[in-house]
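Structure first, then comments.
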Amino acid sequence: MAMDALHRSLGVHRVLEPAGVLPQAAARLDADPRIGPDEVRIAVHRLNLDAASYRQLAEEHGGEGDRVRAAVLGIVERRGKMHNPVTGSGGMLIGVVDEVGDDSPLGLEPGQQVATLVSLTLTPLRITDGLARWDGRSEQVPAAGTAVLFARSIAAVLPEDLPQEVALAVLDVCGAPAATERVVHRSGHRPSVAVLGAAGKSGCLSLAAARDARAGRLVGVVRDEREAAALRAARLADEVVVADATDPLAVAAAVGPPVDVTVVCVDTPGAEHGAVLATADGGTVVFFSMATSFSAAALGAEGMAADVTMLVGNGYTPGHAALAMDLYRHSPGVRSLIEPRVRAS
């Protein structure tokens, strides 16, 4: 691929500042809705802010919906994308394909309802309705505007058998179960698995994926007895334990015998050391949270003399969208945990 074509396929031509970086690292993108020959324009219907970003914004603004809404609008206006400057994270969106460039390789057609499977932190985004239908009190954001996909972007056509809000919630975290399945399969035996944040969207899907991949002992770590009761009723884990994920000694004590694989799905910082302590020597930790400090993880593991492999869940594994949707469809336990969250939003 010629260098100019590569730049376009990655969206470099949309970077306004600083020059020479990829869209995710950019301070500001060009969100002009006029598309090039290899781009796709989406008419935005709903944003899904990632959990870490929404939590940070809600805490910063005292849970006041109007202030949270104003903060999101300000970020998008300043940056041409939804890229929280504190957490470094964004989310994803659903909408309808509005226009497709003649040279786009994505296989999309006008009129299709789609979910973007790339982060809002690298998606040119323009909001046109002031988020007037959003009260600022949930991760899912009704919106009107436009977004632009590049040749190297990823999108999934929404399934017709599920409500859009459900599909958005599942697809937002579809990388986590796919990464979990891959790690379990690659272990070569039936590994024991612990999931931190196991009652959340990514956590319950990761437990279901681990079970389908024939993991051994499954431990779900949750933050309180309310979540523990819900997870026990879902029957996704062999053991359900309550611990503050930011308290390393409490996590290790709750998990008990160290596990082969630990998956971190909590949306608050500080879970790195507990995850490492809960993992056996030679095991693997998958950090699937945008609240993770990777320097804390690396330096903490070094300080504990912990021989563990640490993986970054990058949100993309081939087939990840279909896997997550199939887990949702065939697992009553997953549905019992995700559906109340969707209704609440």
| message | With the requirement that a residue be surrounded by fewer than 21 Cβ atoms within 10 Å (Cβ to Cβ) and either part of a loop (DSSP other than H, G, I, E, B) or not assigned by TED's automatic domain parsing to the domain that holds Arg34 (or both), what does the stretch 137-150 give you? | response | Arg137, Ser138
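Looking only at helices (runs of 4 or more DSSP H) that lie completely in the stretch 282-345, which have at least 2 residues being among the small types (Gly, Ala, Ser), modelled with pLDDT under 90 and over 30 Å from Arg133 (Cβ atoms)?
Those helices (runs of 4 or more DSSP H) span 294-303.
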| query | Are any of the residues in the stretch 11-29 under 24 Å from the mean Cα position of the chain (by Cα), part of a loop (DSSP other than H, G, I, E, B), touching a residue at least 40 places away in the same chain (Cβ under 8 Å) and surrounded by fewer than 16 Cβ atoms within 10 Å (Cβ to Cβ)? | reply | yes
| request: Quick one: count up the residues across the stretch 261-290 that are surrounded by fewer than 23 Cβ atoms within 10 Å (Cβ to Cβ), closer than 23 Å to Asn84 by Cβ and small (Gly, Ala, Ser). | output: 1
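Quick check, is Ala167 over 20 Å from Gln56 (Cβ atoms), among the hydrophobic types (A, V, I, L, M, F, W, C), in contact (Cβ under 8 Å) with a residue 12 or more places away in the chain and not in a loop (DSSP other than H, G, I, E, B)?
yes
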| Condition check for Pro110: closer than 26 Å to Ala26 by Cβ, in contact with an Asp or Glu (Cβ under 9 Å, 6 or more places away or on another chain) and surrounded by fewer than 19 Cβ atoms within 10 Å (Cβ to Cβ) | no
| Any hit, the stretch 292-307, residues being among the hydroxyl-bearing types (Ser, Thr, Tyr), touching a residue at least 24 places away in the same chain (Cβ under 8 Å) and in contact with a Ser or Thr (Cβ under 7 Å, 6 or more places away or on another chain) | no
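Among the residues in the stretch 118-131, are any assigned to a helix (DSSP H, G or I) and either of a type outside the set (A, V, I, L, M, F, W, C) or not assigned by TED's automatic domain parsing to the domain that holds Ala31 (or both)?
Yes - at least one qualifying residue is present in the stretch 118-131.
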| query | Is it the case that the stretch 243-254 has a residue that's within 29 Å of Leu49 (Cβ to Cβ), surrounded by 16 or more Cβ atoms within 10 Å (Cβ to Cβ) and free of Cβ contacts under 8 Å to residues at least 24 places away in the same chain? | reply | yes
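For Gly90, indicate whether it is in contact (Cβ under 8 Å) with a residue 40 or more places away in the chain, within 24 Å of Leu171 (Cα to Cα) and out of contact with any Gly (no Cβ under 6 Å at 6 or more places or on another chain).
So Gly90 passes the test.
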| said: more than 21 Å from Lys81 (Cβ to Cβ), modelled with pLDDT under 95, of a type outside the set (Phe, Trp, Tyr) and assigned to a loop (DSSP other than H, G, I, E, B): is that true of Pro159 in this structure? | reply: yes
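Kindly establish whether Gly62 is within 18 Å of Asp129 (Cβ to Cβ) and not aromatic (Phe, Trp, Tyr).
No: the conditions fail for Gly62.
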| task | Taking Ala51 as the residue in question, decide whether it is modelled with pLDDT of 95 or more, under 24 Å from Asn314 (Cα atoms) and crowded, with 21+ Cβ neighbours inside 10 Å. | result | no
| said: Being closer than 23 Å to Ala169 by Cβ and modelled with pLDDT of 95 or more is the requirement here; does Val68 meet it? | reply: yes
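The values are calculated or read from the model by the stated rules, or taken from the named source; none is laboratory data. Note that the coordinates shown come from a computational prediction; the quantities given were computed from them, not determined experimentally. Because the Cβ atoms are built from the backbone with ideal geometry, glycine has one as well, and the counts that use them run over all protein chains shown.
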